Every structure is written in C-alpha cells, then in structure tokens.
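Below is one structure, written out as structure tokens, with a few remarks after it.
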Amino acid sequence: MRISIVTGASSGLGREFAKQVAAAGGIDQLWVVARRAERLEALKAELEVSHAGLIVRPVALDLTSQPEIDKLAEMLAAENPQVDVLVNASGFGKYGTYRDLTTEEITQMIDLNCKSVVLLTYAVLPFMAAKSRVLNMGSASAFQPLPEFNMYASTKSFVVHFSRALNVELKSRGISVTCVCPGFVRTEFFDVARDTANPDTCQNFTPMYEPEDVVRKALADSLRGKDLSVLGLNTKLKRMAGKLLPAKMVMATWMKIK
Ligand SMILES: NC(=O)c1ccc[n+]([C@@H]2O[C@H](COP(=O)([O-])OP(=O)(O)OC[C@H]3O[C@@H](n4cnc5c(N)ncnc54)[C@H](OP(=O)(O)O)[C@@H]3O)[C@@H](O)[C@H]2O)c1
C-alpha cells in the first residue's frame, strides 16, 4: 500500500497540501493529521468524492505530545505502507517579546515546530523508498533573527537547518527533503499568532501570498529535489538580505517595517 501523510491538514497550508497531494494521484491512502477531528472528517468527505478510489484517513493527534506521535508510529508499524510524501505543516507562531509569551506558549511552539517535525520525520523514514519526499514548513522568518517574533522565527531557523542537512544525509537513499519558506500566507495563522498577551508587535503583513500558489511551487520544487522552496520576489529578497547583509542592519529594518 502506498500512502502520503500531511500534518496540519485541518487548515491553511496543510489542508491545501492535502488537496494537491490527493490530486497528484499515485497513492492508495492519504493520512491527514491535526487535532480537530471534525475538520479532518470534512476533508475526507470532500477528497473521497473528488478522487474516486482514494481513501483519506483522518488521524486526530496533538503533535506536541510524544505518546501521540508514537501512536502514528504504531499505525505505520501495523500497516507497513510505503510512504511517498510526508508534509510536516502543523505549526504555529505567537507575536510578542520575551516578556509576553507564557512558558506554555514557548514550549508548545518548540515542541510542535521543532520536536514533532524531527520525531515524525524519523518515524516515517523507515517506510520511505527512493523518490519518496519530505516537505517541512519553514518560513521566511527563518532567514534572519526577528525581535518581537523571536521564538517563532528561531523555531523556523531550526527547521531550515534540520531539513537541509537531512536532505544531504538522505541523498544515498534517493529521498529528498524540501524546506518550504513562504512569506505571509492567507491562512488562520494570524488568528493564532495574535491570540497572545501582545498581539500588536507585528502589524505589516504585506505582501500576502495564497496557499494554493505556495503549495504548488513547494510540490514542484520537491519533485525537482530542491532543498528550499521560496515563492515570490519579496521573499527571495528577504532571503538574500539575510544572507548578505549584517544581521544588525536587517533587524533594524525589520523593527521599522514590522
Ligand atoms: N501563514 C503564514 O503566513 C505562514 C508563513 C510561513 C510559514 N507558515 C507555516 O506553515 C505551517 C502551516 O501554517 P498555516 O499558515 O497553514 O496556519 P494554520 O491555518 O493556523 O494551520 C496550522 C495547522 O497546524 C495544526 N496544529 C496546530 N497545533 C497542533 C498540534 N498541537 N498538533 C497537531 N497539529 C496542530 C492546526 O490544526 P489543529 O488546530 O486542528 O490541530 C492546523 O491544521 C506552519 O508551520 C506555519 O508556521 C505559515
């Protein structure tokens, strides 16, 4: 049995990945992961109607919990599928300074954005073969340190480095890892990010990209074996600035435009 797995499939980019991975075909089952079971069930109903023969399997899990990640690993061991595509799209950010974020917000952000990406990827890798692909959601926020969005940007920096290095480690197995690093994308991300003690540390969200475009490019870049997927001139310029300019200068600009 050939399957693909998409986390964060109840909303935004993960949901769009699930739709485009289903549309690409070639798999028997699509496992969709997030906490909100009712949204996953709705996605299953939608995709099974539009893609005859595809079985969509909702897996309602909290990926900040190690025992819940273990449950997914147990499902894989029980079914022994070949996993063609793994998309790690579950993730969230919270605006605020070091004074504003609670210990729970900080630990959950690190647990979901970093720890779960590593543990889930490592749990899935034994079930992958040559030409299998991993896509991890990074962010343009990873390209430079971001005061007042520091914790989120730092977690995404981790994801970029983890993904690119793992891509090299997996070359001999023919498996690619692509880190997807968009700028602002129209999803529920901002509702979650602003639900914090200090939601106004960032207020400029232009330009805003569409999930369909980000995901289309990400899947195409992953097929080409690229380790980074960056959509749009504005985001490419951010990446270049992060690489070429002194961090102090980039952070000073960010503090003016954010
Ligand atoms: N939107 C942007 O501007 C933007 C830009 C760059 C990168 N990203 C990244 O893209 C990814 C997707 O974000 P999005 O924009 O699509 O935001 P979103 O619409 O808020 O989706 C976030 C997804 O993460 C899932 N999630 C949250 N907590 C979870 C948990 N504890 N366990 C399992 N799943 C959990 C949510 O599902 P449940 O709540 O149902 O669990 C939801 O499906 C994230 O990694 C984000 O950091 C977003």
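Structural remarks
- Taking (1) out of contact with any Cys (no Cβ under 6 Å at 6 or more places or on another chain); (2) over 19 Å from Val87 (Cβ atoms) in turn, Glu212 satisfies each apart from (2).
- Failed item, numbered, when Leu228 is tested on (1) touching a helix residue (DSSP H, G or I) at 6+ places or on another chain (Cβ under 8 Å); (2) open to solvent by 50 Å² or more (accessible area, probe 1.4 Å): (2)
- Scanning segment 175-191 for residues that are β-branched (Val, Ile, Thr) and over 13 Å from Pro211 (Cβ atoms) yields Ile175, Val177, Thr178.
- Any hit, segment 175-183, residues being open to solvent by 60 Å² or more (accessible area, probe 1.4 Å) and either in contact with a helix residue (DSSP H, G or I) (Cβ under 9 Å, 6 or more places away or on another chain) or over 17 Å from Lys238 (Cβ atoms) (or both): no
- Total residues in segment 1-17 satisfying the condition of being in contact with a strand residue (DSSP E or B) (Cβ under 6 Å, 6 or more places away or on another chain), more than 10 Å from the ligand (Cβ to nearest atom) and aliphatic (A, V, I, L, M): the figure is 2.
- Residues in segment 175-185 that are more than 12 Å from Ala89 (Cβ to Cβ) and assigned to a loop (DSSP other than H, G, I, E, B): 3 in all.
- Residue in segment 18-39 that is farthest from the ligand (Cβ to nearest atom), counting only those that are part of a helix (DSSP H, G or I) and surrounded by 24 or more Cβ atoms within 10 Å (Cβ to Cβ): Val21
- The listed residue being of a type in the set (Lys, Arg) and crowded, with 23+ Cβ neighbours inside 10 Å, out of Lys94, Lys115, Lys131, Lys71: Lys94
- Close contacts from segment 27-52, counting a first residue that is at pLDDT 95 or above and a second that is part of a loop (DSSP other than H, G, I, E, B) and open to solvent by 80 Å² or more (accessible area, probe 1.4 Å), with Cβ to Cβ under 7 Å and a gap of 6+ residues or different chains, come to Asp28/Met1; Gln29/Met1.
- Residue among Val87, Val160 that is surrounded by 17 or more Cβ atoms within 10 Å (Cβ to Cβ), β-branched (Val, Ile, Thr) and out of contact with any Phe, Trp or Tyr (no Cβ under 7 Å at 6 or more places or on another chain): Val160
- Scanning segment 186-210 for residues that are in a loop (DSSP other than H, G, I, E, B), surrounded by 12 or more Cβ atoms within 10 Å (Cβ to Cβ) and polar (S, T, N, Q) yields Thr187, Thr196, Asn198.
- Hits in segment 106-139 (condition: of a type outside the set (A, V, I, L, M, F, W, C), more than 11 Å from the ligand (Cβ to nearest atom) and in contact with a Ser or Thr (Cβ under 7 Å, 6 or more places away or on another chain)): Arg133
- Put simply, of Val56, Val49 the only residue that is open to solvent by less than 10 Å² (accessible area, probe 1.4 Å) and on the phi < 0 side of the Ramachandran plot is Val56.
- When segment 91-105 is filtered for residues that are within 15 Å of the ligand (Cβ to nearest atom) and either among the β-branched types (Val, Ile, Thr) or touching a helix residue (DSSP H, G or I) at 6+ places or on another chain (Cβ under 6 Å) (or both), the ones remaining, listed by number, are Gly91, Phe92, Gly93, Lys94, Tyr95.
The values are calculated or read from the model by the stated rules, or taken from the named source; none is laboratory data. What you see is a predicted model; the values in this text were computed from it and never measured. All Cβ positions, even for glycine, are placed from backbone atoms using ideal geometry, and neighbour counts span all protein chains on display. What goes into the accessible areas is simple: the full protein's heavy atoms, side chains included, and nothing from ligands, DNA or RNA. Shrake-Rupley method; radii C 1.70, N 1.55, O 1.52, S 1.80 Å.
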